[in-house]
Amino acid sequence: MIIESSIPAAREWVLEMRRHGHRVGLVPTMGALHRGHLSLVEAAKRQCAKVALTIFVNPTQFAPHEDLAAYPRPLEADLALCRNAGVDFVFTPEVAAMYPTGAVTTIHVAGLSDRLCGPLRPGHFDGVATVVAKLFNILPANAAFFGEKDYQQLQVIRQMTTDLNIPIEIVGCPTVREADGLALSSRNVYLNPWERIQAVSISRALFAAIEGIKHGERDASKITDNIRKEILAAGPATIEYVSAVDAVDLTPLTQFDRRARICVAVRMGKCRLIDNVAVDVP
Ligand code: AMP
């Protein structure tokens, strides 16, 4: 496994692999790797001969009050996981190389970035879209793999890639969960043991919602109200949103009458948790 922090060397590795006829898969991450990230590597390995993973805690996607300094950075453990998973190339750029003095360009994906988490995390999706576009230019892979766990991020990246004619296929991969249903996240380490138990209410409420819809409920506000109630019944929490949205453009729905997504953001203690489920109405 090659570990590289130089931008020109990383680009050259991908180009060299492609000159040899290899399909290259890219897995962008902020590190603190868990089974969710590794599922992206597995998907990439199934579809591509070579896999590059990036570890970069991107400062521009953190708002000033957020956890940039505290974000976990267990680099050696991450590299061991990558080696075990069969990653071929790990790119670990420095912040100063990604954002040299004088860099001023940002990408704003209008509409999609302004919904759900957008107003609560000002600048977040511009930071994501910009860094992902940069990574796509640095590592011109054939396909890039992202988790549905961050569903709004996935849709923002799909739109950005289409709009900017970036020749990389975007592959969305299912959310990996703990046995009790909690979606894996690098930020789950912030949960204390009580909050960890309480946090299961989020996925439990989302799965119950899917059951309700399967049994014929189509009223989005009834479904989202029940989700709120179930989460708040589990203990103290601040619900930032529970929203039923169109699966493509993330506009709010009143009825489940098309392919949809139910998205949730909740604060429990120091931890901000997000989760979502697909609603495939027959
Ligand atoms: P992050 O390191 O949090 O920026 O995440 C890097 C990638 O891993 C993103 O595409 C995430 O959507 C994905 N990811 C994070 N958690 C999970 C999960 N539980 N299941 C699947 N993918 C995930």
Discussion item. Explain nothing, just compute: Karplus ³J(HN,Hα) = 6.51 cos²θ - 1.76 cosθ + 1.60, θ = phi - 60°, for every residue of the stretch 55-61 in order, whole Hz, x for Gly and Pro.
Written reply: 10, 8, 7, 7, x, 6, 9
Worksheet, complete the sentence: Which of LEU26, LEU164, LEU250 fluctuates most in a GNM of the chain (C-alpha springs under 10 Å)? That residue is LEU164
Practice prompt. Assuming R0 = 51 Å, can you tell me the calculated FRET efficiency for the pair MET1 and ARG258, based on Cβ-Cβ distance, to the nearest 0.05?
Written response: 0.70
Practice prompt. For the chain, give the share of DSSP beta bridges that are antiparallel, in percent and rounded to the nearest 5; count only bridges with both residues there.
Written response: 50
Worksheet entry | Interchain or long-range residues, amide H under 5 Å from ARG23's placed H | ALA49, LYS50
Worksheet item: If one computes the Cα centroid of the stretch 232-272 and of the stretch 1-35, what distance in Å separates the two points?
Response: 34
Worksheet, complete the sentence: Per the helix-only model, the chain has a calculated mean residue ellipticity at 222 nm (DSSP H runs of ≥4, -39500 (n - 2.57) each, divided over all residues, rounded to the nearest 500) of -12000 deg cm²/dmol
Practice prompt. Please give the length that would be gained between ASN84 and VAL200 if that part of the chain were fully extended, namely 0.36 nm times their separation in residues minus their C-alpha to C-alpha distance (nm, one decimal).
Written response: 38.8 nm
Practice prompt. Quick one: net charge around GLU240, please, counting Lys, Arg +1 and Asp, Glu -1 for every other residue with C-beta under 9 Å from its C-beta.
Written response: +2
Worksheet entry | Nearest-ten-degree value, helix 193-214 long axis tilted from longest Cα axis of the chain | 70
Discussion item. Can you tally the net charge around PRO59? Count Lys and Arg as +1, Asp and Glu as -1, for every other residue whose Cβ sits under 12 Å from the Cβ of PRO59.
Written reply: -3
Practice prompt. Give the span of the stretch 29-167's Cα atoms along each principal axis, as three whole-Å numbers ordered largest to smallest.
Written response: 38, 33, 30
Discussion item. Using only the Cα atoms of the chain, what semi-axes does the equivalent ellipsoid have when each is the square root of 5 times a gyration tensor eigenvalue? Give whole Å, largest first.
Written reply: 32, 20, 19
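Where does the charge balance sit around VAL109 when Lys and Arg score +1, Asp and Glu -1, over other residues with C-beta under 10 Å from its C-beta?
With Lys, Arg at +1 and Asp, Glu at -1, the net is -2.
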Item to complete: Take the Cβ-Cβ distance between LEU232 and VAL281 as r, set R0 to 30 Å, and report the resulting FRET efficiency rounded to the nearest 0.05.
Response: 0.65
Worksheet item: Lysine pairs in the chain 8 or more apart or on different chains: how many have alpha carbons under 30 angstrom apart?
Response: 13
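We did not get these values from a lab; they are worked out from the coordinates using the rules stated. Values in this document were obtained by computation on a predicted structure and should not be read as measured data. Positions of Cβ are backbone-derived with ideal geometry, glycine not excepted, and every protein chain shown enters the neighbour counts.
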